[in-house]
Every structure is written in structure tokens, then in C-alpha cells.
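Here's the structure we're looking at; comments come further down.
The values are calculated or read from the model by the stated rules, or taken from the named source; none is laboratory data. Note that the coordinates shown come from a computational prediction; the quantities given were computed from them, not determined experimentally. Virtual Cβ from ideal backbone geometry, glycine too; neighbours counted across all protein chains shown. Heavy atoms of the whole protein, side chains included, go into the accessibility calculation; ligands, DNA and RNA do not. Shrake-Rupley method; radii C 1.70, N 1.55, O 1.52, S 1.80 Å.
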Amino acid sequence: MLIQNGVVHTMEGLVIENGFVAARDGKITAVGPMSALPVGADGPVIDAAGGHIVPGFVDAHCHLGMFGNGLGFEADDGNESTDPCTPHLRAIDAVNPLDRYFQEAREGGVTTVLTGPGSANPIAGQFAALKTDGRWVDEMILRAPVSMKFALGENPKSVYNERKETPVTRMATAAIIRENLSKALEYMDKQSKAENDPDMDMPDFDAKLEALVGVLRGELPVHCHAHRADDIATAVRICREFGLRLVVVHGTEGHLISELLARENIPVITGPCLTDRCKPELMNQTIENPALLSRAGVKVAICTDHPETPIQYLPLCAAIAVRAGMDEEEALAAITINPAVIAGLEKRVGSLAVGKDADVVVTSRHPLDWKSRVEAVFIGGKQVK
């Protein structure tokens, strides 16, 4: 496959004004200016016709396939709101890859998503990184699990207040997280002692605690839903106590403490921005949040939180950040290489570089120009639009 005659945004620090991207067997084999075009390339040739060639877009936080299109409760599989601690839940067991929104994701140039359970529970479960093309979720997986979802603030409070169960305060939400992390540490300690002492029995298998072992070992990052600045601080506090790798999701009031987040080297997945202030903790929502965080030195990704903002509008969300003062290439990075790095997937996706997956999008204009159209989309070298 050869895509030529376009402005190539490599997202590796280089923009090629008139360039090409070549791929074979699903991997990128060459990227460069048209003057360096390989001679005698076989396979289909796509003419970008002066448009732009960019990596497939990456949505760092959504619930694609977890809340079905137009099906109500029947397809509402994003929250097991009967138990505040459910780390053993796996997104891959709920995702419906035949949901119409996967097609709309592809048509919008979104080729990779991090999707998983919502924010009803303090510990919600395991996210998965998926390509958006396929009929069988097992064949779409980039990494599963890719993160563990925690949630603080208004959502757990509201859900369990309606049930008249714990937690109904921020204190109880944090306490549930600490309690289960402490139990998992004890579980790990008993396992370690039993492995080294034949006279000791292994602890009884516990699916919840087993799921938290990777989190405590630092193998699995925590993606923590937090809007208010004080909830973000609680997330930082808990993750410090247990030595966890933290990524803040939403970070609506992140701009109020941007220098503190930069100092702690904590990435923030911002968004969704195309919503109203539908609840009190969104009162300080501003479309300037990604720009302010980025200027402070925070690594920023932009998400849709689909279905809060429909998945195909991910580039529009980045364009809104540009309108609010974010550098254009940095905003493009926030839906390509930055989410890939945050998710630990940068060796596969997020930029146009030799050896990476041939996930490529061709647009008629700059991808963040509101008049731009997605002309062609490739996932693993296969044209899906």
C-alpha cells in the first residue's frame, strides 16, 4: 500500500509538506517526502491529492461497545452498580464489536480506543485497548487489560445514595479503594510466604484481589475518574500511598492545579468537552482546560468519553481545544501519540513510523479543520473507509 501526495503529520516531530506513507503486511515500511518515493512500489496506490496523512486517531477513554446504540438497558453493560468494588470485571466480556458506533468510529478516523466500565463504582474494572475494526473482540485486542478504572466524586456517591448503601460520601469512596488495595497487599504477602514455605497454605483464590495484584505491582496503571480538584488530589494521595501509576481521567478542574499535576508528572485525559455542565462537579468546566494543562507541562490526551460525546467527533474535540488556545500540532498529538504513550501502546500506534501498525487516516484538509473530511481510513493496512 502506498499513500502519496499529502501533508504527512508523522507525530514524531516532523511534518512533511508533500510526502508519502508506504506499508506492507499491515506495518509501515517507509515514510518520507515524495522525492524519496520508493521506485516500483506494488500494491494499491492512494492519492491524497494535497490533503493530509495522519496516524489513526486514538481515544484514550471511552465506553465504546459497552453502551449499545439505541438499545437502552438491554445493551447497557458499562456499570455493575450492585457492588462498589468490581476490579475483576473485564471490558472484553461486555464489548459488542458489531455495534453501529464502531463503524462510525472508523468513519471518523478513530482506529484505536481504550474502552471499559464506567464510573459508578470506586473500583470499576479493567479497560481494554482495541482496534475499531472487527467482528470478534478477541481479534481486535491490542492489550487487555490496559488499565484499572477507579472513580471518585459525584458518580459513586449518586449511584449508591440512591441504593441507600455505602459509599455516599467522598470519604467512604476513598476508604473502599484503600481497604481493597490493603486486602490485596495482604493477599500478595500470603501468596509469597506460601510459595517460600511448604508448610504454609496458599490463600483461597479471590478474583477481586487477584485483579488488583497487577495494579499494586505497577504493571497496570490506574485510570481514575476525577473532575474536581479535591478529587484529583485524593487520587494522587491514594496512588502515592500504594505506589500506583496514576492517570487522571476527565480532570475537569485540572487547570486550577495544573502546575501541581506537572510537578507530579501525572498525565491527564481531558474531556468530554462537547457536553453541558450537567452536574455540580462540572461547574468549572472550560474548553481551555487542555491548553492550560499542556502549557503547564502536563502530558494531555483528549477523549470523547463516548457515548457522552459520540466517538466520531474526537477530532472535533481536539479542534475545539485549538480554538481555546491549544497549539494545533499539540492538539493533534492529544488524539494520536499522547494517548498511545499514556496507554503504553506507542510502539504500535499513535505515529507514522517504520515498524508501527499501518493505521492511517487521509483527510481533505488539516484534520482539525472543521471543514475537513475523512477521505480514507486504514487499520493494519486494510482500508476500512
For L314: the one exception among (1) more than 15 Å from the chain's Cα centre (by Cα); (2) closer than 27 Å to I53 by Cα; (3) at pLDDT 95 or above:
(1)
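Out of everything in segment 334-352 that is more than 18 Å from T115 (Cα to Cα) and in contact with a Pro (Cβ under 9 Å, 6 or more places away or on another chain), what residue ends up being surrounded by the most Cβ atoms within 10 Å (Cβ to Cβ)?
Filtering segment 334-352 down to residues more than 18 Å from T115 (Cα to Cα) leaves 347, 351-352.
From the residues that got through so far, the ones that are in contact with a Pro (Cβ under 9 Å, 6 or more places away or on another chain) too are 351-352.
Values: S351: 22, L352: 27.
Of everything passing the filter in segment 334-352, L352 is surrounded by the most Cβ atoms within 10 Å (Cβ to Cβ).
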Inspect segment 178-187 for any residue being open to solvent by less than 70 Å² (accessible area, probe 1.4 Å), assigned to a helix (DSSP H, G or I) and touching a strand residue (DSSP E or B) at 6+ places or on another chain (Cβ under 6 Å) and give the result as yes or no.
yes
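Tell me which residues, restricted to segment 356-373, are in contact with a strand residue (DSSP E or B) (Cβ under 6 Å, 6 or more places away or on another chain) and not hydroxyl-bearing (S, T, Y). Give the steps one after another, and end with the answer.
Pass one, segment 356-373, residues in contact with a strand residue (DSSP E or B) (Cβ under 6 Å, 6 or more places away or on another chain): 356, 358-364, 366-367, 372.
K356, A358, D359, V360, V361, V362, H366, P367, listed by residue number.
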Would it be correct to say that D77 is farther than 17 Å from E210 by Cα and either out of contact with any strand residue (DSSP E or B) (no Cβ under 6 Å at 6 or more places or on another chain) or open to solvent by less than 10 Å² (accessible area, probe 1.4 Å) (or both)?
yes
Looking at segment 319-332, can you tell me whether even one residue there is in contact with a Cys (Cβ under 9 Å, 6 or more places away or on another chain) and in a loop (DSSP other than H, G, I, E, B)?
yes
Filtered residue count, segment 234-288, keeping only those that are of a type outside the set (V, I, T), open to solvent by 10 Å² or more (accessible area, probe 1.4 Å) and within 20 Å of Y313 (Cα to Cα)
9
Specify the residue that is nearest to the chain's Cα centre (by Cα); the eligible residues are those in segment 1-33 that are modelled with pLDDT of 95 or more, buried (at least 19 other Cβ atoms within 10 Å of the Cβ) and not in a strand (DSSP E or B).
M11
Residue selected from segment 105-143 under the condition β-branched (V, I, T) and open to solvent by less than 10 Å² (accessible area, probe 1.4 Å), by the criterion farthest from E210 (Cα to Cα):
V110
Y101, sole failed condition from (1) of a type in the set (F, W, Y); (2) open to solvent by 20 Å² or more (accessible area, probe 1.4 Å); (3) touching a Pro at 6+ places or on another chain (Cβ under 6 Å)
(3)
Which one of the conditions (1) more than 30 Å from S351 (Cβ to Cβ); (2) crowded, with 18+ Cβ neighbours inside 10 Å; (3) β-branched (V, I, T) does I46 fail to meet, given that it meets all the rest?
(1)
Is it true that some residue in segment 92-113 is in contact (Cβ under 8 Å) with a residue 40 or more places away in the chain and closer than 23 Å to E154 by Cα?
no
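Would you please name the residue that is nearest to P117 (Cα to Cα), looking only at residues in segment 300-311 that are open to solvent by 10 Å² or more (accessible area, probe 1.4 Å) and out of contact with any strand residue (DSSP E or B) (no Cβ under 7 Å at 6 or more places or on another chain)?
From segment 300-311, those open to solvent by 10 Å² or more (accessible area, probe 1.4 Å) are 305, 307-308, 310; that's our starting set.
Pick out the ones that are also out of contact with any strand residue (DSSP E or B) (no Cβ under 7 Å at 6 or more places or on another chain) and you get 308, 310.
Details: E308: 14, P310: 17 Å.
It comes out as E308.
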A321 passes all but one of the listed conditions (1) of a type in the set (G, A, S); (2) over 14 Å from F57 (Cα atoms); (3) open to solvent by 10 Å² or more (accessible area, probe 1.4 Å); the exception is number (3)
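For segment 238-261, which positions are part of a helix (DSSP H, G or I) and in contact (Cβ under 8 Å) with a residue 60 or more places away in the chain? Talk me through it step by step, then tell me what you get.
If we filter segment 238-261 for residues that are part of a helix (DSSP H, G or I), which is where we start, we get 238-242, 254-261.
Result: I238, E241, F242.
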Determine if segment 34-48 includes at least one residue that is part of a loop (DSSP other than H, G, I, E, B), closer than 27 Å to P221 by Cα, out of contact with any strand residue (DSSP E or B) (no Cβ under 8 Å at 6 or more places or on another chain) and not charged (D, E, K, R).
no
